[in-house]
Amino acid sequence: MLLDGKAAIVTGASRGIGRAVALALADAGADVLVNYTGNLRAAEEVAQKIGEAGRRAYICRADVAQAEEAAGLVDAALKHFGRVDILVNNAGITRDNLIMRLKDEDWERVLAVNLKGAFNCMRAVARPMLKARRGRIINISSVVGITGNAGQANYAASKAGLIGLTRSVARELGSRNITVNTVAPGFIETDMTAALPEEAREKMLARVALGRFGKPAEVAAAVVFLASDAAGYITGQTLVVDGGMVM
């Protein structure tokens, strides 16, 4: 198996893309720490499926926007698995509004979870990865971080920031065989995108070259590749998984 014997942390792993990533990593052979913030039952279901795949799972509630809680995720993985080989920064939220109506707290919270949360986790995992002289960090951005999107200034800024953060940390950690990459999904069928009005969904679909929306498992497949030895010479890159939406 691609990731046999490896241990992974996936933030925001109870639903959507994070859930698919956690399950795909387990299917590839990794033990997985399942992070969640609000839905314990969903996290337990993910952990159960990981167990059914023959891998170990540990559930850990943490708000990654809080540095001490993000560090607790790494400590928990080290305690339960003895190692951390893979970190997937997937936790993210949206609080959409036009710039003139965007409240300070909505700007700050989205940046805190989506960008600072990834920073907190990367900083916490750097030391054990440097000690092991190996690691894979994959940040889940968005095509919105590349193109921008009306009504999502906060979300787009956070996702664009992830790309810059990825490249900077890739330069810092590369000499120790630690790769840092970004996956930028397009329109993926999740709870988050299901809440969009039908008219908005139709406009999005018209821009997708493949003529359909993506599935969480298709994003997860890209993450598994970047976490594997097959991607050992790839770092600081952004892999767009969008069906040709923004090419």
Checklist outcome for this item: Once normalised by the length of the chain, the mean sequence separation of its alpha carbon contacts under 8 Å that are 6 or more apart gives a contact order in percent of 19 percent
Next on the checklist: Assuming 0.36 nm per residue, please report the length gained on full extension of the stretch residue 229 to residue 210 beyond their Cα-Cα distance.
Outcome noted: 3.9 nm
Checklist entry - If one takes the longest principal axis of the Cα atoms in the chain, at what angle in degrees, from 0 to 90 and to the nearest 10, does the Cα axis of helix 117-132 lie? => result 30 degrees
Checklist entry - Using a cut-off of 28 Å between alpha-carbon atoms, which lysines can reach residue 203, once sequence neighbours fewer than 8 places away in the same chain are excluded? => result 103, 159, 215
Item to check | Those lysines that a straight Cα-Cα span of less than 21 Å connects to residue 6, excepting residues fewer than 8 apart in one chain | outcome: 49, 79, 131
Item to check | Test item: Cα-centred dipole of the chain, Lys/Arg +1 and Asp/Glu -1 on Cβ, debye | outcome: 660 debye
Checklist outcome for this item: So the angle from the long Cα axis of helix 16-27 to the longest Cα principal axis of the chain, reported in degrees to the nearest 10, equals 30 degrees
Checklist outcome for this item: Listing 159, 49, 6, 215 by rising number of other beta-carbon atoms within 10 angstrom, fewest first, gives 215, 49, 6, 159
Item to check | Sorted by Cβ neighbour density within 10 Å, fewest at the top, the residues 196, 33 | outcome: 196, 33
Checklist entry - Using modelled backbone amide H atoms (1.01 Å from N, in-plane), which distant-in-sequence or interchain residues come within less than 5 Å of residue 240's amide H? => result 184
Checklist entry - If you take the beta carbon distance between residue 44 and residue 68 as r and set R0 to 25 Å, what does 1/(1 + (r/R0)^6) give as a FRET efficiency, to the nearest 0.05? => result 0.55
Checklist outcome for this item: A correct fewest-to-most ranking of 63, 4, 27 by other Cβ atoms within 10 Å would be 4, 63, 27
Checklist entry - What shape does segment 39-128 have by the C-alpha gyration tensor, where a ≥ b ≥ c are the square roots of the eigenvalues, rounded means a/c under 1.5, and otherwise prolate means a/b greater than b/c and oblate the rest? => result oblate
Checklist outcome for this item: Summing -39500 (n - 2.57) over every DSSP H run of at least 4 in the chain, dividing by its residue total and rounding to the nearest 500, the 222 nm mean residue ellipticity is -14000 deg cm²/dmol
Checklist entry - Considering only 82, 117, 21, whose Cα is most displaced toward the positive end of the charge dipole of the chain, charges sitting on Cβ of Lys, Arg (+1) and Asp, Glu (-1)? => result 82
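Since every read-out is calculated from the coordinates, none of them should be taken as a lab result. Not measured: the values here are computed from a predicted model. For neighbour counting, all protein chains shown are included, and Cβ atoms are generated from backbone atoms with ideal geometry for every residue, glycine included.
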